[in-house]
Protein chains: 2
Amino acid sequence: MVVDDVADPIPGPMHSLVRVVACGICGSDLHFVHHGEAMVTLSAEAGGGGSLDFGRDIIMGHEFVAEVLEHGPDTPGPKPGTLVVSIPIVFPTLPPVPENASSNAYSNEFNGGYAELMRLFTPLLLPVPNGLPAHQAALTEPMAVGIHAVAKSGIVPGETAVVHGCGPVGLAVIAALRLVGIETIIAADFSPARRALAALLGAHIVCDPAVDDVMDVWQREASATSTLVQFDAIGVPGSLNRAMKRAPRASRILVVGVCMQPDAITPIWGINKELSLQFVLGYTPEEFTAALGHLAEGRIDGAPMITATVSLDEVPKAFEDLANPDRHVKIMVTPNG
Amino acid sequence: MVVDDVADPIPGPMHSLVRVVACGICGSDLHFVHHGEAMVTLSAEAGGGGSLDFGRDIIMGHEFVAEVLEHGPDTPGPKPGTLVVSIPIVFPTLPPVPENASSNAYSNEFNGGYAELMRLFTPLLLPVPNGLPAHQAALTEPMAVGIHAVAKSGIVPGETAVVHGCGPVGLAVIAALRLVGIETIIAADFSPARRALAALLGAHIVCDPAVDDVMDVWQREASATSTLVQFDAIGVPGSLNRAMKRAPRASRILVVGVCMQPDAITPIWGINKELSLQFVLGYTPEEFTAALGHLAEGRIDGAPMITATVSLDEVPKAFEDLANPDRHVKIMVTPNG
């Protein structure tokens, strides 16, 4: 990872030039730095589209908020100075992908948000409403991840949610669970700081796995009166199998944490208990727009998740700092100071 | 595995004494002989109920058809001589379990169907209708497994099914897919005999994985016009991961084959493609009853699946023979000759 000067992007038709105000550092970026090539190779093996040339520059950063500078030829768009966010990539799980769309996440062609300037696909620009502060608007993307995972789970009020892991993804899931009216949300994380945030974002019970197994807590507090949906937002080898082991019969597990390595599961646990595992990724454009609305209207208060703001030069150091889950949750990069 | 004399069962209240006419040998029994203790230990670790004393007799056989001999005290039931089948176990995934119910599958207390006599729970007895031959009635249980798996999949006409493995479970899935009107069923097995049976039971396309990858066949024949549901009826390490690798985006995989060992999957394939894995086991009492009706009314012709009939003394040899998938599919044990 290097910080360097590159040529300014020039917006063509249907594209806009924007100045980045802030861009959150995502856990996927941390993975990508270490395992990027392996990730792309694995995806390609399984029919995942997209190619990436690791001999060329890749400017990361997909949780951005930016200010409109100008639009390409014959391209109407929000007036210069407007604060905007945009879905950074139209997930191929959710066709149709608009022609000419930019992908600002992990691309050789388009800058991500760890850059002063970006070229975005104009039809996808969303003006930030209601005076929402820019740094909070940059939380739209991770919050959309939580909203999508909860929607895919099909969880309904009366069911209990257990959230394993309270990093940004787990916290977004907790916020989204509150939005759909879940009345018992039990969240677990080893970090006291992350547990405190889990409670702020809406978890009803938080527990420290070093002291109290979250599934024991569920058993004690909620198993008699409700069915369970588990959200695995840990994403390390073994976490899915642990969720399967303690899962009650006929329950579902949402896999939202990204585990890069092959991982062992115990199929007979799945079979004996007729478990359902739903893997999830990304969000729809509608969910992204909804996330922005929830932040702007104050239905989600993401502000406490932002634990630091850094310049472009400080990004490599910030990546290191994020390894300490007790100091940081979401670090904002401000490429233009 | 031994063949020996044991005391005759005596029916108490709510129980009936029956004479076994035939009992199919199930793949689970083959597993159980080699891995029974490990299976029970693994299940117990993950909260699966039930205990089993491996120091005592366990008489296997849960695909039985029998003739009523007599009922316990104050127990009304079908008249002696009636040919009956019964759900062998009320799966705890599907409460409530009737009080006093017998479990005739893997029990220290109740004989399974590899015995001359059994004690069954009277309210669960189903008279065999419509003159259905006894040996075909013994296919009720495996056919119910297929009906359940297809119901859990939520597959609807217009979707395509790929069935990996055409042993008894895969064949039952194929028959059940036809019953719900699936118009493209693609089935794969290395065995020519099993492929022929797959076609007889309703597969529209059968393929030999040694010659033509089933997912290439799907890609060629059906991917342009329909979504896909895969049924993994192989149940060996690696089969689930292979299904995940070739699965199209946002598709679902039903895990119906029982893999006993821990098994490696590649979570990032699941995540990138938002796959759904649904593990399935057993059936509801309603599905069991429906399976009997389909056999009796000729909507499923199971007769070609029965490849041999053996006496009790020949059961150990039959277990060995079943290792050869080209000679046998379903072997019927006839304990009373």
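The values are calculated or read from the model by the stated rules, or taken from the named source; none is laboratory data. Remember, predicted model here, so these are calculated numbers, not experimental data. Reconstructed Cβ throughout: ideal geometry from the backbone, glycine too, with neighbour counts over all protein chains shown.
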request  = For residue A:251, indicate whether it is within 24 Å of residue B:45 (Cα to Cα) and within 12 Å of another protein chain (Cβ to nearest Cβ).
outcome  = yes
Just to be sure before I move on: is residue B:246 crowded, with 19+ Cβ neighbours inside 10 Å, basic (Lys, Arg), without any contact (Cβ under 8 Å) to a residue 60 or more places away in the chain and within 13 Å of another protein chain (Cβ to nearest Cβ) in the structure I sent?
yes
Within the stretch A:215-243, the residues that are among the charged types (D, E, K, R) and either within 11 Å of chain B (Cβ to nearest Cβ) or within 12 Å of residue A:163 (Cα to Cα) (or both) are A:232, A:242
Of those in the stretch A:293-324 that are out of contact with any His (no Cβ under 9 Å at 6 or more places or on another chain) and among the polar types (S, T, N, Q), the residue modelled with the lowest pLDDT is A:324
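Taking the condition of being buried (at least 17 other Cβ atoms within 10 Å of the Cβ) and either modelled with pLDDT of 95 or more or under 20 Å from residue B:325 (Cβ atoms) (or both), how many residues in the stretch B:220-241 meet it?
Keep residues of the stretch B:220-241 that are buried (at least 17 other Cβ atoms within 10 Å of the Cβ), which gives B:222, B:226, B:228-235, B:239-241.
Cutting the leftovers down to either modelled with pLDDT of 95 or more or under 20 Å from residue B:325 (Cβ atoms) (or both) gives us B:228-235, B:239-241.
Matching residues across the stretch B:220-241 total 11.
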Just one listed residue, out of A:287, A:320, A:314, A:297, is acidic (Asp, Glu) and either in contact with a Pro (Cβ under 8 Å, 6 or more places away or on another chain) or within 19 Å of residue A:231 (Cα to Cα) (or both), and it is A:287
Sole miss for residue A:52 among (1) more than 14 Å from chain B (Cβ to nearest Cβ); (2) more than 20 Å from the chain's Cα centre (by Cα); (3) touching a residue at least 40 places away in the same chain (Cβ under 8 Å) is condition (1)
Say whether the condition of being more than 14 Å from chain B (Cβ to nearest Cβ), modelled with pLDDT under 95 and closer than 20 Å to residue A:32 by Cα is met by at least one residue in the stretch A:87-98.
yes
Scanning the stretch A:309-337 residue by residue, the ones that are in contact with a helix residue (DSSP H, G or I) (Cβ under 7 Å, 6 or more places away or on another chain) and among the hydrophobic types (A, V, I, L, M, F, W, C) total 7
Within the stretch B:255-297, residues assigned to a helix (DSSP H, G or I), of a type outside the set (Phe, Trp, Tyr) and within 7 Å of chain A (Cβ to nearest Cβ) come out as B:267, B:268, B:270, B:271, B:272
In the stretch A:259-289, anything surrounded by fewer than 21 Cβ atoms within 10 Å (Cβ to Cβ) and under 18 Å from the mean Cα position of the chain (by Cα) is listed as A:260, A:284, A:285, A:286, A:289
Pairs returned, first residue in the stretch B:20-37 that is without any contact (Cβ under 8 Å) to a residue 60 or more places away in the chain, second residue that is aromatic (Phe, Trp, Tyr), beta-carbon separation under 7 angstrom, 6 or more apart or interchain, are B:37/B:54
Among residues of the stretch B:200-233 being hydrophobic (A, V, I, L, M, F, W, C) and free of Cβ contacts under 8 Å to residues at least 12 places away in the same chain, the residue nearest to residue B:143 (Cα to Cα) is B:211
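Can you find a residue that is away from every other protein chain (no Cβ under 14 Å) and within 26 Å of residue A:152 (Cβ to Cβ) anywhere in the stretch B:186-193?
We begin by selecting, within the stretch B:186-193, every residue away from every other protein chain (no Cβ under 14 Å); these are B:186-193.
Cutting the leftovers down to within 26 Å of residue A:152 (Cβ to Cβ) gives us none.
Scanning the stretch B:186-193 turns up no residue that is away from every other protein chain (no Cβ under 14 Å) and within 26 Å of residue A:152 (Cβ to Cβ).
If the requirement is being closer than 30 Å to residue B:298 by Cα and among the charged types (D, E, K, R), which of these qualifies: B:246, B:220, B:195, B:242? Walk me through how you get there before you give the answer.
On the way: B:246 fails: closer than 30 Å to residue B:298 by Cα; B:220 fails: closer than 30 Å to residue B:298 by Cα; B:242 fails: closer than 30 Å to residue B:298 by Cα.
Result: B:195 is the single residue among B:246, B:220, B:195, B:242 that is closer than 30 Å to residue B:298 by Cα and among the charged types (D, E, K, R).
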